1. Cα centroids of region 303-341 and region 170-240: how far apart, whole angstrom?
2. How much length would be gained if the chain were fully extended between residue 377 and residue 335, taking 0.36 nm per residue of separation minus their Cα-Cα distance, in nm to one decimal?
3. When all alpha-carbon pairs of region 311-404 are counted, what percent fall beyond 15 Å?
4. If you take the Cα Rg of the chain and divide it by 2.2 N^0.38 Å, with N the number of residues, what do you get?
5. Quick query: amide H of residue 100 versus all other amide H atoms, modeled in the peptide plane; which residues come in under 5 Å with a sequence gap of 5 or more or a different chain?
6. Within region 199-378, what percent of beta bridges assigned by DSSP are antiparallel, to the nearest 5?
7. If neighbour count is taken as other Cβ atoms inside 10 Å, put 328, 316, 19 in order from fewest to most.
8. Within the P(r) computed for region 63-209, what percentage of the Cα pairs occupies the region above 26 Å?
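What follows is calculated from the coordinates using simple rules that are stated; it is not laboratory data. Fair warning: this is a prediction, and the values are worked out from it, not measured in the lab. All Cβ positions, even for glycine, are placed from backbone atoms using ideal geometry, and neighbour counts span all protein chains on display.
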Amino acid sequence: MLRRFAGATEAKRAMRILMISDVYFPRVNGVSTSIQTFARELVRAGQGVTLIAPDYGRSSPEPFEVLRVPSWYLPLDPEDRVLRPGRLRRHHQALAARGVDLVHIHTPFVAHYAGTALARRLGVPVIESYHTFFEQYLDKYVPVIPSAWLRLAARRFSAAQCNAVDAVVVPSRAMLEVLESYGVRVTMQVVPTGIELGQFSSGDGERFRREHGIPPARPVLVHVGRLAFEKNIEFLLRVLARAVPRFPDVLLVIAGEGPARRSLEALAERLGLRANVTFLGYLDRQGPLEDCYSAGDAFVFASRTETQGLVLLEAMALGVPVISTAVMGTREILAPGRGCLIAEEDESHFAAQVIRLLGDPELRRRLSDEARGYAAEWSAPALAARMLGLYTEVLERHGPAPHP
């Protein structure tokens, strides 16, 4: 898609998009995945992308430019960082010379304020992706403050930031409705993150089982995601305890890392699930992760705070049936006949769905076929084209950037 906002001559030039975020790989989470997926697809579509992200001391090459900026650790969550504004300002002159058309902010911390200031300095529009439902998890990290106060603060903070930009991107209709209830009045558009169908077209579940000593016939449930308190993984462990009497050798494989890991391991021990749960930590997204998904008879999920639920689509693309609650963003992915069983957030009901699927090979085969077909509708190129359409709309409203 070409720019249409500044005349025929200008329209022949590709956009230069400046993305900015307080998080990116090697920090593994959904925001990093979303940024990478969109940036790669935009480059494939002929656009220019520069990403400003924290310097973690190591990184991997990308097909787009990544400017790494020194950052501070967050005391509440040492895995996360925030950009150091003073170091970022050193790049302003060079960024101005690049001919940036639009700034796209991906996190609401230092990146938000640095991104809006930079957009004003460059005279270009700014949009922001609202990736995380902060209202629902701040109390997990700041328990000394009443949760009602934290929720109110999160709503006001989110509304103020969203109303300070030209447009907001949300990954689901449910998240859009939440922001509307906060009082966000700027243009908002639903643009979910797509999946790399090529990457998630095949995985070697047999190889994964051999490498981890899992017998071929052992029933396996898989969960992939950050081990955070708001992800409701404790619920999945209690569900597992209810399924064990029917399938004593069932194994729950948990791939991911995060601040809740120790408490989850302790809960598994208390529930007598030492032989039924394995924690793997992070897996490489170029082979081991796909193999992990493919080793499962089902993918299980119960987060209450997902703005989309990208891991559900990754599992489906690999033909792994999903058993999940349908809350917030996940309810827009999950539907009967789409490769999943929808469970209530009730331990008995969820466990009954697990037992049903593990005990019915024909049901697993049918859901597997449905899942692959459904996931194909969420391709990364199609959703990147939708994002590019929003960029064009915002640029047309704003007018041409003052390129040097």
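1. If we compute the Cα centre of each part, the gap is 7 Å.
2. Values: separation 42, 0.36 × 42 = 15.12 nm, distance 1.36 nm.
Here the answer is 13.8 nm.
3. Numbers: 2945 of 4371 pairs.
Percentage above 15 Å: 67.
4. Details: Rg = 21.8 Å, N = 404, 2.2 N^0.38 = 21.5 Å.
Ratio of Cα Rg to 2.2 N^0.38 Å: 1.01.
5. Correct list: empty.
6. Values: 1 of 18 bridges.
Roughly 5 percent of the DSSP beta bridges within region 199-378 come out antiparallel.
7. Values: 328 21, 316 30, 19 25.
Listing 328, 316, 19 from fewest to most nearby Cβ atoms yields 328, 19, 316.
8. Numbers: 4304 of 10731 pairs.
Cα-Cα pairs in region 63-209 separated by more than 26 Å: 40 percent.
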